[in-house]
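The values are calculated or read from the model by the stated rules, or taken from the named source; none is laboratory data. Note that this is a predicted model, so its numbers are computed, not measured. Note: ideal-geometry Cβ built from the backbone for every residue, glycine included; neighbour counts use all protein chains shown.
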Amino acid sequence: MRRTISLIGLSLIIFRGMLFSQTSEQLSLHDAIAIALKNNPQSRASSEQIDAERGRFWRGISPSLPSVAVSYEYVPKGSNIGQFGERTIGISQSLDFPTSILFRGLQLSSQVSVAEAEHSSTSIAITSRVKIAYYNVLAKQKKIELARENLTIADDFAHKADIRYNVGEAANLERLTAAVQRTQARNALEVAENDLNISLGELYYALGRGKEEKTSNIILTDSLVYQPINRTSEQLTEMAYAVNPQLKAASGRVSVASLGRTLAWSSFLPNLHASYYRQTVGGNSDFYGASFGISVPIWFLFEQRGQIQEASANLSIAGYNLHSLNNFISVDVNNAFLDMKNNERQILLHQSDILPQAEEVYRSARASYEAGEITYIEFLQARQILISSRNEYVEELVRYYTSLAKLEYAVGAPINQ
């Protein structure tokens, strides 16, 4: 019997361990980014766009399909087609002028480069979104810790207030206030837990996961700790001009438009035509023939002129867009840098002054309250200052890392720390 009970107990332990392993997941920020870049639908769509542009390249440089024709001539009236006097079997091919093929290939190759740059830009945007979502979850988890700590303190003081009231050492107002504070602390914990669930949903969305891929217990292995960035605004701006994929895509569109204009001018060049025939005349199949021709662009006032005008306008538009993006990135990097630095100052202020002072005020107030030197309301004010300061510090940390993620997106690359 004991052996049977032991086996059942062991089975339950193994089953519980398997169940836990299936529903829990450890996730570092690095892993989260890798998962998002692999699974996020936007990332996968932009990757497929590269393949689509490569397919357009091969299709664009491919010559048109040759045509094969068979003709029967001089067939006597009332006879079947086999009584022909002359039969011709021919194959013909049309070719663009060689330079036109070259410029079209270069243009389509530039389109591939644009698609690759756009994919990089999408990857940076997804990385930024994942970082913001990840640090939001860390912040909400930290707030739950603070809310639980606050609830423990509130429970303790509510219990002590009941004792003090029962022995006649405290007024009923103090007991009621402590009870209200305990209820508020419980509510604050429930709100923090709900906020965590919302943030987890945002993280799952950034990871590109659906409902069926969610795990019930996710453990984030990174921590919400301040780390300074030792870069100047000027350095980051220069870095953006060198690596930003949006700029690379805009520059690539200028190249595409320039080659498009060159290709439009190439429309004045003739297309080439060639044909080869095998002929049978009067039962003799030893005849052959060939023909060569070129197209004549006699309607240049319409077709070619329209192509050149459109291509020139597209080149100007691409150039203006590139110039505008250069200006925007300069401003965007600077604004994101200033926002990050402002959040950094708030973090340092909390570390050096606000948090130490709030903790000292709370320690002093608690000792004074327990010694009967101050009222519960005065102690409550000190406790609220500490709770507010700790929550503000968490908010400043998540604001700092959010602004850092936005700065990296503005630069177009991760910033070495």
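The figures follow:
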| item | result |
| --- | --- |
| Criterion (farther than 30 Å from ARG182 by Cα and either in contact with a strand residue (DSSP E or B) (Cβ under 9 Å, 6 or more places away or on another chain) or among the aliphatic types (A, V, I, L, M) (or both)) met by exactly one of ILE347, ILE354, ILE374, ILE308 | ILE308 |
| Entirely in the range 17-128, the strands (runs of 3 or more DSSP E) that have 2 or more residues that are of a type in the set (A, V, I, L, M, F, W, C), at pLDDT 90 or above and in contact with a Phe, Trp or Tyr (Cβ under 8 Å, 6 or more places away or on another chain) | 86-95 |
| Filter result for ASN327 (part of a helix (DSSP H, G or I) and free of Cβ contacts under 8 Å to residues at least 60 places away in the same chain) | yes |
| Count of residues meeting criterion [in a helix (DSSP H, G or I), more than 44 Å from the chain's Cα centre (by Cα) and either over 21 Å from ASN391 (Cβ atoms) or of a type in the set (Val, Ile, Thr) (or both)] in the range 350-375 | 5 |
| Hits in the range 148-172 (condition: of a type in the set (A, V, I, L, M) and either touching a residue at least 60 places away in the same chain (Cβ under 8 Å) or touching a Leu at 6+ places or on another chain (Cβ under 8 Å) (or both)) | LEU151, ILE153, ALA161, ALA170 |
| Any hit, the range 239-259, residues being touching a Phe, Trp or Tyr at 6+ places or on another chain (Cβ under 6 Å), among the small types (Gly, Ala, Ser) and surrounded by fewer than 16 Cβ atoms within 10 Å (Cβ to Cβ) | no |
| Residue list for the range 148-178, restricted to those being farther than 20 Å from ARG383 by Cα and within 52 Å of the chain's Cα centre (by Cα) | none |
| First in the range 390-413 and without any contact (Cβ under 8 Å) to a residue 40 or more places away in the chain and within 14 Å of ARG345 (Cβ to Cβ), second anywhere and of a type in the set (Phe, Trp, Tyr) and in a helix (DSSP H, G or I), Cβ under 8 Å, 6 or more apart | none |
| Selection count where residues are under 30 Å from VAL114 (Cα atoms), polar (S, T, N, Q) and over 40 Å from the mean Cα position of the chain (by Cα), scope the range 267-313 | 3 |
| Candidate set: the range 388-417, residues that are surrounded by fewer than 21 Cβ atoms within 10 Å (Cβ to Cβ) and β-branched (Val, Ile, Thr); chosen: the one nearest to ILE354 (Cα to Cα) | VAL394 |
| Leading residue by the ranking (nearest to PHE292 (Cα to Cα)) among those in the range 49-93 that are surrounded by 10 or more Cβ atoms within 10 Å (Cβ to Cβ) and among the basic types (Lys, Arg) | ARG87 |
